[in-house]
Amino acid sequence: MAEKPQLVNNSPEDVETDDPDLLIDQVAFITGGGSGIGFRIAEVLMRHGCDTVIASRHLEKLAEAAKKLTSTTGRRCLTIAMDVRQPEMISAAMDEALKTFGRVDILINNAAGNFLCPATSLSFNAFKTVMEIDTMGTFNTSKVIYDKWFKDHGGSIVNISATLGYRGQALQVHAGSAKAANDAMTRHLAVVWWCEGEYSGSRPHLWHRGLP
């Protein structure tokens, strides 16, 4: 009889070795959580005991992602159609998250828009759109969730950034400008929401992809 094929475990090494209950029963709200970096962050958090809310404009993609995440980790995953450029949609999404889970402990600002384009060919609207999604979207989501929960309960905010704005890069003036603004925003919010003790322990952090 032929031997059964061995299942390949593609989990990151830290998932194998860390405490699977490290984030037990905490809740993470992840924008752009249906694919790419956001999806992978959701997976790792859920493998450590966290429940998640994944939000983006594409509900069908979110539903497919949530099915994979819950079947893999056994944790709960709430999907919400939301545009980070629309504060009222974020507010409604946060209300739904609190109704479902009763808390939010972590915010991952991952939603972003990007494409390669020379500055000479970049339209005014294209530049504006990237700034609205990456920068305004990060502020909008942080502000809404802070007002609705972190202000009174504390929490962690992780803003996904990039190193494009540090050295300059061809074809990326829009994304580099947006991420540089996010870096500054994170530092300012860290001073106001944590270091000065003005509020109750909200901690904004940066995580850079594409480190040189």
Considering (1) within 16 Å of the chain's Cα centre (by Cα); (2) on the phi > 0 side of the Ramachandran plot, say which one GLY74 fails and leave the rest. (1)
Name the single residue, out of those in the stretch 52-78 being touching a Cys at 6+ places or on another chain (Cβ under 7 Å) and of a type outside the set (S, T, N, Q), that is nearest to ILE160 (Cα to Cα). ILE54
From the list ALA190, ALA181, ALA175, ALA170, which one is in contact with a helix residue (DSSP H, G or I) (Cβ under 7 Å, 6 or more places away or on another chain), surrounded by fewer than 19 Cβ atoms within 10 Å (Cβ to Cβ) and either at pLDDT 85 or above or in a strand (DSSP E or B) (or both)? ALA181
Is there a residue being among the acidic types (Asp, Glu) and at pLDDT below 95 anywhere in the stretch 21-34? yes
Go through the stretch 131-164 and count every residue that is farther than 14 Å from ASN114 by Cα and either assigned to a helix (DSSP H, G or I) or in contact with a Cys (Cβ under 9 Å, 6 or more places away or on another chain) (or both). 17
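Per-residue answers, yes or no, for (1) touching a residue at least 60 places away in the same chain (Cβ under 8 Å); (2) touching a helix residue (DSSP H, G or I) at 6+ places or on another chain (Cβ under 7 Å); (3) among the small types (Gly, Ala, Ser):
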site	(1), (2), (3)
ALA112	yes, yes, yes
LEU116	no, no, no
LYS128	no, no, no
GLY137	yes, no, yes
ASN140	no, yes, no
LYS143	no, no, no
Enumeration of residues in the stretch 97-128 that are exposed (fewer than 15 other Cβ atoms within 10 Å of the Cβ) and either part of a helix (DSSP H, G or I) or hydrophobic (A, V, I, L, M, F, W, C) (or both): LYS99, THR100, PHE115, LEU116, ALA119, THR120, SER121, PHE124, ASN125, ALA126, LYS128
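Does ASP25 count as free of Cβ contacts under 8 Å to residues at least 40 places away in the same chain, over 17 Å from the mean Cα position of the chain (by Cα) and either surrounded by 16 or more Cβ atoms within 10 Å (Cβ to Cβ) or under 28 Å from LYS151 (Cα atoms) (or both)?
Working: free of Cβ contacts under 8 Å to residues at least 40 places away in the same chain: yes; over 17 Å from the mean Cα position of the chain (by Cα): yes; either surrounded by 16 or more Cβ atoms within 10 Å (Cβ to Cβ) or under 28 Å from LYS151 (Cα atoms) (or both): yes.
When the stated conditions are applied, ASP25 passes them.
I'm checking my understanding of the structure. Among residues of the stretch 7-20 that are outside any loop (DSSP other than H, G, I, E, B) and not acidic (Asp, Glu), which one is modelled with the lowest pLDDT?
Of all residues in the stretch 7-20, those outside any loop (DSSP other than H, G, I, E, B) come to 13-17.
Restricting the remaining residues to those that are not acidic (Asp, Glu) gives 15, 17.
On the way: VAL15: 53, THR17: 44.
For the stretch 7-20, the residue satisfying everything is THR17.
The values are calculated or read from the model by the stated rules, or taken from the named source; none is laboratory data. Keep in mind that what you see is a predicted model, and the values were worked out from it rather than measured. When we count neighbours, we look across all protein chains shown, and the Cβ atoms used for this are built from the backbone with ideal geometry, even at glycine.
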